[in-house]
Amino acid sequence: MHSMKLELRINSRAYELDVDVRKSLMDLLRELGYTGVKHGCGVGECGACTVLVDDIAVDSCLYLAVWARGKNIRTVEGECRDGKLSAVQEAYVEEGAVQCGFCTPGLIMTSTAFLEKNGDAELSREDIKRGHAGNLCRCTGYQTIINAVETASKK
C-alpha cells in the first residue's frame, strides 16, 4: 500500500494523517465522519459530493485526498456556526429547497461558493442555473433551489 503523510484543515480543524495515495477526498471525509458528503455517481456528474477546497467547489469523488495537502476543506457540517445555520442553509429551509436531502449538502456547498464568488453582482435566475449546472436533484424541479440562492444573496 502506498501512503503519504497529509496535513490539511477540514472545517477549521487541523488533521495530520497517513493516506493511501489512491483514496478520494470523498472517501477520506466520510471515514473521518463528515457524512454530509454523499456518494452519488462516483464520476463527477451529480455534485452530491461537492465540498469547497480553498473556497472552490470540487467534486470530492474525483479529487484525490493527497491533492488536499495544505488546503482548507469546507463541508456542509462546517457551515453551521455556534448552532446557527449559514445564510444559504437558512434560505434552503425557508424556500423549501430540501426534499429527500441527498443532494442538498452538495448543492448548499455549490451555492455557498457561487455566492461567495458572485454575491455582490446582480444575479439573474439564468446565472444561478449556470452556476449550479454540476448538481443534479431528482426531487425539487430546481425552482426552489434557485429561489433559495436568490434569497441567500439578499442576506
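Read-outs throughout are calculated quantities, based only on the coordinates presented, and are distinct from any laboratory measurement. For clarity, every value in this text was computed on a predicted model and none was experimentally measured. Ideal geometry is used to build each Cβ from the backbone, glycine not excepted, and the neighbour counts take in all protein chains shown.
Where in the chain lies the longest segment free of GluC sites (Glu not before Pro) that are both loop residues by DSSP (not H, G, I, E, B) and have at most 16 other Cβ atoms within 10 Å?
Longest stretch, sites excluded: 46-121.
Need one number for the range 103-149: average projected area of the convex hull over its C-alpha atoms, nm².
3.0
Pairs Lys71/Lys155; Lys23/Lys84; Lys84/Lys117; Lys38/Lys84; Lys23/Lys71: which are spaced more than 26 Å apart, C-alpha to C-alpha?
Among Lys71/Lys155; Lys23/Lys84; Lys84/Lys117; Lys38/Lys84; Lys23/Lys71, the Cα-Cα distance tops 26 Å for Lys71/Lys155; Lys23/Lys84.
What order, most packed first, do the peptides 60-72, 132-144 have when packing is the mean number of other Cβ atoms within 10 Å of each residue?
Taking the mean over residues of other Cβ atoms within 10 Å, the ranking is 60-72, 132-144.
Percent of alpha carbon pairs in the chain separated by more than 28 Å?
Counting every Cα pair in the chain, those more than 28 Å apart make up 18 percent.
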